Amino acid sequence: MAMSEALSNQEIQAAWANLAEEVRTGVLLTLRMGRPFGSHVPYVFGKDWTRAYIHVSRLALHTEHLLHDSRVGLFVSEPDRQGKNPLALRRMNLQGEAVLLNTDVPDYARVKERYLGRFPQSAMMFGFADFALWELRLEDVHLVLGFGQAYLATATTPLHWTHQKPNTKSVNR
């Protein structure tokens, strides 16, 4: 396959699902005094990439940031390995809004169960008063599967991936 040959939506969705399953943590990007602030967090996705859930302490800086400004990013990347080109790592960059998931909403129990299925060691933290589930309502995703294999999608059509073709125009500065 040529580097710029686009994959089908089904192939891209399968590649996204594999990455989301293989990599259990990402970098949560919040805003701190108007600047990006990254925190390493475990996450679970909903039925597709448009919803992700994190379970974080209210005492953490990133939670303070979310309470002040709900705009958020989540960056997930396969781990770098010896012998692999780090620029070709599979990765996704998602942007959206974070909303505190109250315990009385119908989805709370389902999300908690899903989260504990992936992170059983977190059961004790659900008993701590300072921990809460947050729903990341993601609007855009940029998925990179390797060189020449970058795709974009939006929440309005989450399973429709657009191949981001390389810009062939040269820029003179």
Cross-link partners of K112 among aspartates and glutamates (Cα-Cα below 13 Å; sequence separation of 8 or more within a chain)
D104, E135
Scan the chain and note any complete DSSP helix (H) whose C-alpha atoms cover at least 15 Å along its axis and whose Kyte-Doolittle average is 1.6 or more.
none
Out of F128, F45, F37, a Gaussian network model of the chain with alpha-carbon springs under 10 Å gives the largest mean-square fluctuation to F128
Quick check for me: using +1 on Lys/Arg Cβ and -1 on Asp/Glu Cβ, what's the dipole size of region 9-163 about its Cα centre, in debye to the nearest 20?
260
Rounded to whole Hz, the Karplus (6.51, -1.76, 1.60) HN-Hα couplings of region 49-58, x for glycine and proline
6, 6, 10, 10, 10, 10, 10, 10, 7, 5
Two decimals, Cα atoms only, Kirkwood Rh: what is Rg/Rh over region 7-84?
1.03
What percentage of all Cα-Cα pairs in the chain are separated by more than 21 Å?
52
If you build a Gaussian network model of the chain, linking Cα atoms that sit under 10 Å apart, which residue out of N102, N85, N18 swings the most?
N85
Separation of alpha-carbon centers, region 44-67 and region 5-19, rounded to whole Å:
25
Running a GNM on the chain with Cα contacts under 10 Å, which residue among R51, R90, R81 ends up with the highest mean-square fluctuation?
R81
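Taken together, the values in this text are just the output of simple stated rules run on the coordinates, not laboratory data. Since the model is a prediction, treat every value here as computed from it, not as a measurement. Heads up, the Cβs are rebuilt from the backbone with ideal geometry, glycines too, and the neighbour counts pull from every protein chain shown.
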